[in-house]
Amino acid sequence: GGNFDGILKPEFKMYKVRDGKNLIRILPPTWEDAKHYGYDIFVNYNIGADNQSYLSLSKMKAEKDPLAEAKRDAEKSGDKDLAKALTPTQRVLMWVIDRNEEDEGPQLWAAPFTVDKAFANVSFDEDTKEVIFIDDPEEGCDIRFYKEGTGLTTKYDASKMRLLKPAPLHEDTDTAAEWLEFVENNPIPDCLQFYDYDHIALTFDGQVGSRDAKPKADAEDEKPRSRGKVVEDEDDDAPEEKPRSRAKVVEEDEPEEKPRRSKRIADDDDDDDAPAVKRK
């Protein structure tokens, strides 16, 4: 995979969800002013002949963006399919421990934001209004969830998501301390891999390979996600939501939301099987 562009710097591991049952522990956030364990990112998938992935320059850094420009051109010309393919996908990036492969240590998971929303729902007791802080190193919980289908048919059944009993991050305090030190030294914004305008444009035009990449490591201008924020709107042009309190999980400007324990979560932005997007 070293010859391909991606959203993370190459030294960091990416967690891969298994088919069927998965068991993870989410680690706490370590960047400044973080209010949620996950960090919002916007990704353009399947760009160019080699299906490269790029963090959206326009969405995340408010910079000139060749893919956003191409999307606007497609909209003007009435090419709805291309415009849709060029719409950045929202993900929630978080540090996790895969309980099935603990030796791998902390790994980054770009979870669909609908899955993150489901995690928030199962962490909230609609009767007592109590919130379980699942990322707490001492009193947090492992999460069991299931993946069904592949590619564009991938689904996560929220009714099957369960929090296990509260427990320390690891029974061995030295191992837990090592994991926590690692994420402390590697806050998520510092793990992101940005590429410059020219490189993305050339890839989109099919004129460059990833080994010629010119990454931009600066992610200091990005804004962290609120700890209690639950994203509902998938609209690319939706306004930025205001931070919410940690104390409850509610919809913005709506009555308090009850957990949707029976809802099936469709990973409609899992584009593993989608065709590459190239300039027409």
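The values are calculated or read from the model by the stated rules, or taken from the named source; none is laboratory data. Note that the coordinates shown come from a computational prediction; the quantities given were computed from them, not determined experimentally. Quick reminder, even Gly has a Cβ in these numbers, built from the backbone with ideal geometry, and neighbours come from all protein chains shown. These area figures cover heavy atoms from the full protein model, side chains too; ligands, DNA and RNA do not enter into them. Shrake-Rupley method; radii C 1.70, N 1.55, O 1.52, S 1.80 Å.
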**Study point:** Where Asp33, Asp136 fall by accessible area, highest first, once all protein chains stay in place (1.4 Å)
**Key:** Asp33, Asp136
Check your understanding: Within the accessible area of the stretch 6-48, what % is carbon and sulfur when the probe is 1.4 Å and the other protein chains stay in place?
Key -> 53 percent
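Probe radius 1.4 Å, ligands and nucleic acids ignored: give me the carbon and sulfur share of the accessible area of the stretch 137-195 as a rounded percent.
On the way: 1440 of 3060 Å².
Carbon-and-sulfur percentage of accessible area, whole number: 47.
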Point to revise | Those residues of the stretch 32-62 whose amide nitrogen sits under 19 Å from the label point placed on Glu11, 7 Å along Cα→Cβ | key: 32
Review point. Assigning unit charges at the beta carbon (Lys, Arg +1; Asp, Glu -1) and nothing else, what dipole magnitude in debye, to the nearest 20, does the stretch 101-174 show about its Cα centre?
Key: 680 debye
**Study point:** Whole-percent pair-distance distribution, where bins are 5 Å wide, for the alpha carbons of the stretch 10-134
**Key:** 2, 9, 15, 18, 17, 14, 11, 8, 4, 2, 0
Study note, to complete from the structure: Of Arg144, Arg72, Arg25, ordered by accessible area with the largest first and a 1.4 Å probe, the sequence is Arg72, Arg144, Arg25
Exercise for review: Give me the accessible area per residue for the stretch 29-128, probe 1.4 Å, as a whole number in Å².
Suggested key: 38 Å²
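Distances longer than 22 Å among the Cα atoms of the stretch 1-77: what percent of all pairs is that? Working shown, then result.
Details: 1299 of 2926 pairs.
Roughly 44 percent, rounded to a whole number.
Looking at the P(r) of the stretch 75-175, how many percent of alpha-carbon pairs lie beyond 24 Å? Intermediate results must be reported in sequence, preceding the final value.
Details: 1885 of 5050 pairs.
Tail of P(r) above 24 Å: 37 percent of Cα pairs.
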Check your understanding: In square angstrom, rounded to the nearest 10, how much accessible surface does Ser53 have for a 1.4 Å probe?
Key -> 20 Å²
Check your understanding: Rounded to the nearest 20 Debye, what is the dipole magnitude of the stretch 2-53 about its Cα centre when Lys and Arg each give +1 and Asp and Glu each give -1 at the C-beta?
Key -> 380 debye
Study note, to complete from the structure: Between Glu101 and Phe133, the two model label points (7 Å from Cα along the beta-carbon direction) sit apart by a distance in nm of 3.0 nm
Review point. How high is the FRET efficiency between Leu164 and Asn185 when r is their beta carbon distance and R₀ equals 30 Å, given to the nearest 0.05?
Key: 0.60
